[in-house]
1. Condition first: under 49 Å from the mean Cα position of the chain (by Cα) and either farther than 15 Å from LYS221 by Cα or of a type outside the set (Gly, Ala, Ser) (or both). Can you find one or more residues in the range 264-277 that meet it?
2. Mind checking which pairs have a first residue in the range 106-121 that is free of Cβ contacts under 8 Å to residues at least 60 places away in the same chain and a second that is of a type in the set (S, T, N, Q) and in a helix (DSSP H, G or I), Cβ under 8 Å, 6 or more apart or different chains?
3. Output the residue which, of all residues in the range 231-287 that are of a type in the set (Val, Ile, Thr) and assigned to a helix (DSSP H, G or I), is surrounded by the fewest Cβ atoms within 10 Å (Cβ to Cβ).
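Any read-out appearing in this document is the output of simple, stated calculations on the displayed coordinates, not a laboratory observation. As the structure is a computational prediction, the values presented were derived from the model and not from experiment. No Cβ is skipped: glycine too gets one built from the backbone with ideal geometry, and neighbour counts run over all protein chains shown.
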Amino acid sequence: MTAVLVVSAQAPHFAGAWRGLFSRALDSAATRSGSANALPMLYWSCSAAVAGTALALGLTWGAAALAAFSQGGLVFAPGALTWKLERLNPTQHISQLVSFDALSRVLKSLIPVAALLYLAAGILQRDWGKVLTLGHRNLHGLAQFALGDAFEMMWKSALVLLLWGGADYLLQRQQVEGDLRMSREELLQEFKETDGNPTVKGRIRRLQRQMRKRRMLEEVKRASVVITNPTEFAVALEYSPGMNAPRVVAKGRNLVARQIKEVARWQGIPVIENPPLAHALYRAVEVGQSIPPKLYAVVAGILAAIHRAQERARARQAAVARGGK
């Protein structure tokens with residue numbers, strides 16, 4: 001496409017330059033001064049040829065390099081330049097020619113070829129009437145007609161190949177990305193190699209949760225009271241006179257809550273049913289933290305009631321012991 005556009009834009013200049021070159025050559029031959037003007041004529045012909053082709057070749061090379069760079073970036077592979085004797089093996093090339101990939105490339109190349117043949121047939125059919133009258137035209141008219149149709153065929157063919165190249169690039173890119181995409185089994189294997197086996201990690205996490213649970217249930221034995229929902233939540237609180245505020249030593253829901261209450265009953269720890277307080281402690285306080293100040297009054301009232309009940313129980317036991325004596 002670049003060559004067609006550049007050549008078409010510079011065509012008038014090319015024609016004038018070559019016409020001048022031929023005119024000087026004929027004048028030199030007519031005046032028998034060809035030998036004297038041989039060097040200037042050679043320089044003029046070389047400069048005209050270079051000027052006529054350098055711009056087209058340079059821009060075409062630049063467009064090709066830009067297209068290649070935009071597709072894959074700047075890639076330098078010195079390994080591709082190393083000598084390999086197997087490259088001269090004809091059996092490998094024969095296998096490539098009869099492979100499925102080669103067949104698919106041939107079939108793909110037939111599509112733009114068919115499009116170009118269709119364009120050529122359309123232009124020829126359109127101008128068939130003019131073709132029949134070419135014998136009555138002079139050389140200038142014949143050249144004008146031929147160059148006009150040739151230019152039309154060239155830029156339309158270049159446009160078709162440009163569109164087909166873009167479509168083929170997108171298809172090839174999608175195919176390469178699909179080939180490079182890892183399957184689910186490959187992802188799992190890579191995950192195992194980098195981050196460890198998920199089964200082993202899951203088992204380790206389960207063991208860690210079980211250890212934390214056992215340690216938390218051991219902490220229940222030091223609790224002063226257990227606040228329940230009564231069935232869904234259970235929060236164990238520890239308080240001693242030297243502490244600034246009661247501290248949550250264990251909490252849980254459902255099965256863990258039942259286990260906390262079971263440990264509390266075995267240890268003789270009071271279990272108090274207070275759904276609003278149990279909800280608030282479970283949502284707001286983590287294990288090992290002290291209760292917030294807004295719950296001081298409620299928890300203090302419960303601890304005071306438990307303390308009074310325990311004092312009464314000890315007094316009754318003392319009275320019973322004295323009466324038995």
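1. Filtering the range 264-277 down to residues under 49 Å from the mean Cα position of the chain (by Cα) leaves none.
Checked against the condition, which is being under 49 Å from the mean Cα position of the chain (by Cα) and either farther than 15 Å from LYS221 by Cα or of a type outside the set (Gly, Ala, Ser) (or both), the range 264-277 yields no hits at all.
2. Pairs that qualify, where the first residue is free of Cβ contacts under 8 Å to residues at least 60 places away in the same chain and the partner is of a type in the set (S, T, N, Q) and in a helix (DSSP H, G or I), are LEU116/SER157; LEU119/SER157.
3. Looking only at the range 231-287, we keep the residues that are of a type in the set (Val, Ile, Thr), and these are 231, 235, 248-249, 256, 260, 263, 269, 271-272, 285, 287.
So of that shortlist, the ones also assigned to a helix (DSSP H, G or I) come out as 256, 260, 263.
Details: VAL256: 16, ILE260: 28, VAL263: 21.
This residue is VAL256.
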